[in-house]
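Asks: Dumping the structure here so I can ask a few things about it.
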Amino acid sequence: MQKNILVTTIMVGLIASITFILVQPLFGMQTLTSRHAAAYIAHGGYGDTTALILSWGVHVGVSLVYTLLSVLIFNFNRSVFVSLGQIMFLGWATTLTATPANEWVVKLVNTKQFPSFDTLSALNTQTGPKLWLHILFFAFVVGGIWVMNRKDTRKQRRSF
């Protein structure tokens with residue numbers, strides 16, 4: 001993996017994951033990290049600090065994977081059309097799977113066993129705050145990738 005892909009993924013992914021949690025209450029929701037931590041404490045017997053570290057670790061990890069996917073798409077095709085398409089598509093796809101995916105992670109952490117998929121909620125097909133929050137997350141990600149790319153392009157021009 002190229003160094004700039006890794007650096008971009010880490011920098012943009014960290015900023016976007018923190019921004020997601022800071023913005024989430026503006027959409028009328030409790031933060032994902034606080035909900036996960038509460039579930040780890042209530043059902044897994046974890047202490048407050050451990051539960052908070054686990055919840056942030058999971059959240060940041062997932063955000064980094066999403067960011068890496070966006071970086072790869074961006075590096076494949078940097079057009080505005082593809083960038084807007086990935087924001088909309090990935091925002092929708094992650095909203096669709098967020099509820100069962102979060103349940104799966106919480107059950108995995110609490111039981112230390114892979115949960116059966118038939119015990120999870122159905123896909124989330126609702127449009128509303130979750131969808132807009134995920135679209136906003138990917139807008140932050142793609143915007144961050146664009147900024148990092150512009151910065152790298154300027155450095156390369158100066159070095160010639």
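The values are calculated or read from the model by the stated rules, or taken from the named source; none is laboratory data. All values derive from a computational prediction rather than experimental measurement. All Cβ positions, glycine included, derive from the backbone under ideal geometry; neighbour counts span all protein chains shown. Heads up: the accessible areas ignore ligands, DNA and RNA and are worked out on the full protein's heavy atoms, side chains in. Shrake-Rupley method; radii C 1.70, N 1.55, O 1.52, S 1.80 Å.
Asks: Between LEU26 and PHE76, what is the label-to-label distance in nm when each label sits 7 Å out along the Cα-to-Cβ direction?
Replies: 3.1
Asks: When ranked by the protection proxy of mean other Cβ atoms within 10 Å per residue, highest first, what sequence do the peptides 65-72, 37-44 form?
Replies: 65-72, 37-44
Asks: Output the peptides 137-144, 45-52, 114-121 sorted from most to least packed, where packing is the average of other Cβ atoms within 10 Å over each peptide's residues.
Replies: Those peptides, ordered most packed to least, come out 137-144, 45-52, 114-121.
Asks: Using a 1.4 Å probe, how large is the accessible area of ILE18, given in Å² and rounded to the nearest 10?
Replies: So the heavy atoms of ILE18 present about 80 Å² to solvent.
Asks: Within the chain, which whole H helices from DSSP have a Cα span along their axis of at least 30 Å and a mean Kyte-Doolittle hydropathy of -1.0 or more, if any?
Replies: What comes out of the filter, once short or polar helices are dropped, is 48-76, 80-111, 129-159.
Asks: If you don't mind, there's one more thing I want to ask. With +1 on each Lys and Arg Cβ and -1 on each Asp and Glu Cβ, and nothing else charged, work out how big the dipole of the chain is about its Cα centre, in Debye to the nearest 20.
Replies: Dipole of the chain, to the nearest 20 debye: 840 debye.
Asks: Taking 0.36 nm per residue of sequence separation and subtracting the Cα-Cα distance, how much length would be gained by fully extending the chain between TRP92 and GLN113, in nm to one decimal?
Replies: Here the answer is 4.7 nm.
Asks: Could you report segment 1-120's accessible area per residue, 1.4 Å probe, as an integer in Å²?
Replies: 57
Asks: By the scheme Lys and Arg +1, Asp and Glu -1, what is the net charge of all other residues having a beta-carbon under 14 Å from that of ALA101?
Replies: Residues close to ALA101 contribute a combined charge of +2.
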